[in-house]
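Just so it is clear, none of the values below were taken in a lab; they were calculated from the coordinates. Note that the structure is predicted; figures quoted are calculated from it, not measured. Every residue, glycine as well, gets a Cβ built from its backbone with ideal geometry; the counts of neighbours run over all protein chains shown.
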Amino acid sequence: MQPSIHEHAAHVAVVPAMSHGLVAGTILMTLDGEIPVEHLTPGDRIITRDAGMARLVRISFKRVSLNTVRIARGCLGNNRPDRDMYVSANTPIHVRDWRAESMFGTPTATVSAIQLTDGEFVTDEGLHEVAMFELEFDAPHILYADGVEVRSEPLAAA
């Protein structure tokens with residue numbers, strides 16, 4: 001079982017711009033139900049948009065200081081996210097509604113969270129210290145994190 005956030009070392013790293021991962025408390029859809037990212041372990045079966053299910057190969061933790069974005073409850077579709085969600089500004093978000101078409105000229109797009117900021121519903125929250133969990137799979141996948149479709153690897157790896 002993954003140690004709780006409070007059991008991890010207090011070392012804080014300032015993370016380069018291309019860091020990725022999910023902030024502690026983010027809920028992922030798994031074959032065992034909704035599970036907070038900090039409770040996942042290698043071998044867990046994560047529900048994905050692109051493959052149906054993928055096994056988690058590795059999970060790593062670090063406490064970091066990075067630019068965060070707040071995505072307000074329900075602003076990305078029907079109950080997506082299902083609560084206010086905080087992500088790294090560089091978290092790759094998969095959009096496939098009117099936003100993709102109007103903002104990026106395509107029916108679907110995977111873009112960094114900062115590209116979705118509008119100052120009201122998706123806001124740049126600036127630099128914050130967070131507990132970040134990086135998930136590794138056999139290939140990139142689109143995961144359901146707090147009801148939002150999030151790519152499991154940074155855009156640079158796409």
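If you check every pair at least six apart or on different chains, which have Cβ atoms under 9 Å apart with a residue in segment 93-113 that is without any contact (Cβ under 8 Å) to a residue 12 or more places away in the chain first and a residue that is part of a helix (DSSP H, G or I) second?
Sorted first by the residue in segment 93-113, then by its partner, the pairs are PHE104/GLN115; THR106/ALA100; PRO107/ALA100; PRO107/GLU101.
For SER88, are the conditions met, namely being closer than 12 Å to PHE133 by Cβ and touching a His at 6+ places or on another chain (Cβ under 8 Å)? Full working, then the answer.
Details: closer than 12 Å to PHE133 by Cβ: yes; touching a His at 6+ places or on another chain (Cβ under 8 Å): yes.
For SER88, the condition - closer than 12 Å to PHE133 by Cβ and touching a His at 6+ places or on another chain (Cβ under 8 Å) - is met.
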